[in-house]
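Everything below concerns the one structure shown next.
The values are calculated or read from the model by the stated rules, or taken from the named source; none is laboratory data. Keep in mind that this is a model prediction, so the values were computed, not measured. Cβ placement follows ideal geometry from the backbone for every residue including glycine, while neighbour counts extend to all protein chains displayed.
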């Protein structure tokens, strides 16, 4: 049974976390879970990350096991329409009976033991454990950025890699996940929380590394060399080729472009698609912290442009989004 030091990849949705996990996927010293495990959410922890909230629940061990099994069953029967922007696809790949047997066989007196049982059940039932593979476990669930103090208390030697992305680009990518422009409150607050926790966790904890998405794209080799040293693993050429379960990774871009490897297009595409409203919204909430992560502030050319409709924005969403912006502007006056 593997019980190695866990490595947690954190960050807002559409900030490069899936790509980064894919870059680590084929390393000989790592066991990379090929999907978001959502372990702590399924275990009933209170999570306030807006795009993946979890309510506080008092669960028995058997309740938690049943939830983990139910989640894996859901992954096993996902349909094509559910997978359009999914970061991985394990539909039809699972040996559910083996997963349940492995999960129920191992002793689970603590949350730590349940986590390791869950991880081993995943690797056994997906048959992706490689010969000679190391036992450092890589897990990526974006909402875990809320739980770093809890995770560190359970796994004292755990390490964290927190991906951040230019907030303007991140907001555009989140909006484009939907056919119609959504109410953007949860999206912009998720970006805010990601940067907030990246800053504070980075100050408070050893073994916590912040990585900019843009640096991964522009300087893949040097970033992964630094990350290798941080994780105390040897540098391998496989780190520059994104894979999932050992196969070339297909990507999960909201541009619907076919993924053919690491491209610099995401660094430019958003500039033509960001709207004046989105610029003003990010500036209102995050304008003072952009420089903390080496991002430059962009100002709408004309103030009145903020009131133009976003492509695909209904009248109802228009009213909600503009009311939200005005609320944040008023709140900022009293801070």
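Some notes on this structure:
- Of the residues in segment 173-193, not one is in contact (Cβ under 8 Å) with a residue 12 or more places away in the chain, outside any strand (DSSP E or B), buried (at least 23 other Cβ atoms within 10 Å of the Cβ) and in contact with a strand residue (DSSP E or B) (Cβ under 7 Å, 6 or more places away or on another chain).
- Evaluation of residue 201 against the conditions (1) part of a loop (DSSP other than H, G, I, E, B); (2) under 19 Å from the mean Cα position of the chain (by Cα) shows that the sole unmet condition is (1).
- On inspection, residue 68 passes the criterion of being out of contact with any strand residue (DSSP E or B) (no Cβ under 9 Å at 6 or more places or on another chain) and modelled with pLDDT of 95 or more.
- Leading residue by the ranking (farthest from residue 192 (Cα to Cα)) among those in segment 43-62 that are at pLDDT 95 or above and part of a helix (DSSP H, G or I): 52
- Among the candidates 283, 252, 321, 269, residue that is surrounded by 12 or more Cβ atoms within 10 Å (Cβ to Cβ), closer than 23 Å to residue 193 by Cα, out of contact with any strand residue (DSSP E or B) (no Cβ under 6 Å at 6 or more places or on another chain) and modelled with pLDDT under 95: 252
- Checking each residue in segment 114-133 for being surrounded by 15 or more Cβ atoms within 10 Å (Cβ to Cβ) and out of contact with any helix residue (DSSP H, G or I) (no Cβ under 7 Å at 6 or more places or on another chain) picks out 116, 119, 122, 123, 126, 128, 133.
- Selection within segment 293-318 - within 30 Å of residue 202 (Cα to Cα), surrounded by 13 or more Cβ atoms within 10 Å (Cβ to Cβ), out of contact with any strand residue (DSSP E or B) (no Cβ under 6 Å at 6 or more places or on another chain) and touching a residue at least 24 places away in the same chain (Cβ under 8 Å): 295, 298
- Among the residues making up segment 218-238, those that are part of a helix (DSSP H, G or I), at pLDDT 95 or above and more than 22 Å from residue 268 (Cβ to Cβ) are 224, 225, 226, 227, 228, 229, 230, 231.
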